[in-house]
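Let me begin by presenting the structure, written as structure tokens, before commenting on it.
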């Protein structure tokens, strides 16, 4: 049965085109997908991300548990509200999910995981927590709205009490605070500045309507997917899964091989690193006409790979993609588009960040 967020009726009232996304009835767009993307890049837009799963971890041993559970170093979190992006791995080093961990105090950490992986994530977390006497508490009574764009923070802050607004605007990147009954985090999935706001579900519609009145326009999954790809952000289930390690997924920066910490999957990653990572994730730009799509074959001088995420980038005016190919310098690279081998440029990603195009001219 398809699930609905508390904002479902609000989306429909705004004329949204609804689609099934991981078992959730979600808005794909409210009109022009491209206009929604530009709205976020140039001003500010908002997304219903209430399908994401919020989990609170409580107990005296939560930090020790997270040292074991995630590949990034939880000991980077020393100040209340600070956030950490990491992957949760299986013993083979494959990515069970990518997630954000928030440190609230030594007995309380908050984790936000992907919607489509909810069941397996909860099962895995609960199984691993058993030996640490940690309580795993899902928070289905909470909703989430992402407010993203260069003017998003100012527009959102205008809805808060003066003291809370001042705190919101001073909030450091990848940090969160409780403000006016809202959990406000300076995080996002668009490559733009902004907040992800966790709100009691009973108050979500009112907050959505207040944001609309403040001039924050809604955007759907279509714009969000292109925004995150332009920002070089991986999508679980498409750019990585349990058969792919963070080292192969372009997420080596999220792995901390800190001394004395035996996180799940560490031995497998160390072996892969020592033997040479067999696959790598690269960025591609197509300077010719055409669109790079998921599943297309990528031909490099070291062998074949495939496109993971690909689309036309309205910000760049060209097609872009993330691709997984054999390790080593790829050399001259081509993509098979309907039987035609088309040359592409291998570039560093992100492609776009905070409104700026980072791809060099051809």
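Derivation of every value follows stated rules applied to the coordinates shown; laboratory data play no part. If you're wondering where the values come from, they're calculated on a predicted model, not measured in any experiment. Every residue, glycine as well, gets a Cβ built from its backbone with ideal geometry; the counts of neighbours run over all protein chains shown.
Hull surface divided by four, with the convex hull built on the Cα atoms of the chain: how many nm²?
Values: hull surface 73.2 nm².
Average of the hull's projected areas for the chain equals 18.3 nm².
Ranking 132, 156 by Cβ neighbours within 10 Å, fewest first, what do you get?
Placing the least packed residue first, the sequence is 132, 156.
What is the chain's relative contact order, in percent, from Cα pairs under 8 angstrom and six or more apart in sequence? Working shown, then result.
Numbers: 816 pairs, mean separation 64.8, N = 362.
Relative contact order comes out at 18 percent.
Between residue 306 and residue 91, what FRET efficiency comes out of the Förster formula 1/(1 + (r/R0)^6) with R0 = 25 Å and r the beta carbon distance, rounded to 0.05?
Details: r = 26 Å, r/R0 = 1.04.
Efficiency computed from Cβ-Cβ geometry: 0.45.
Let's test the formula: R0 of 30 Å, r as the Cβ-Cβ distance of residue 279 and residue 126. What FRET efficiency results, to the nearest 0.05?
After rounding to 0.05, the efficiency reads 0.45.
Quick one: Cα centre-to-centre distance for the stretch 222-285 and the stretch 80-94, in angstrom?
Centre-to-centre distance over Cα atoms comes out at 11 Å.
Using the 2.2 N^0.38 Å rule of thumb for compact globular proteins, work out how the stretch 215-337 stacks up: its C-alpha Rg over that value, please.
For the stretch 215-337, the normalised Cα radius of gyration comes out at 1.19.
Modelled label-to-label distance, residue 75 and residue 201, 7 Å Cα→beta-carbon offset: nm?
The modelled label-to-label distance comes out at 3.9 nm.
Can you give the helix-only mean residue ellipticity at 222 nm for the chain, where every DSSP H stretch with n ≥ 4 adds -39500 (n - 2.57) and the sum goes over all residues, rounded to the nearest 500 deg cm²/dmol? Mind showing how you got there, number by number?
On the way: 9 runs with 84 residues, N = 362.
Value at 222 nm, helices only, nearest 500: -6500 deg cm²/dmol.
At what distance in angstrom do the alpha carbon centres of the stretch 133-162 and the stretch 1-61 lie from each other?
Using only Cα atoms, the two centres lie 13 Å from each other.
Treating each Cα of the stretch 278-357 as an identical point scatterer and ignoring solvent, apply the Debye formula and state log10 I(q)/I(0) at q = 0.18, 0.27 Å⁻¹.
The Cα Debye sum returns log10 ratios of -0.65, -1.37.
Report the extension gain between residue 108 and residue 212 in nm, rounded to one decimal, defined as 0.36 nm multiplied by the number of residues separating them, less their alpha carbon distance.
On the way: separation 104, 0.36 × 104 = 37.44 nm, distance 3.31 nm.
Answer, rounded to one decimal: 34.1 nm.
Using the C-alpha gyration tensor of the stretch 17-89, what are the square roots of 5 times its eigenvalues, in whole angstrom, with the largest one first?
35, 17, 11
Can you give the direction-averaged projected area of the convex hull of the alpha-carbon atoms in the stretch 173-243, in nm²?
Numbers: hull surface 25.1 nm².
The Cα convex hull of the stretch 173-243, projected and averaged over all directions, gives 6.3 nm².
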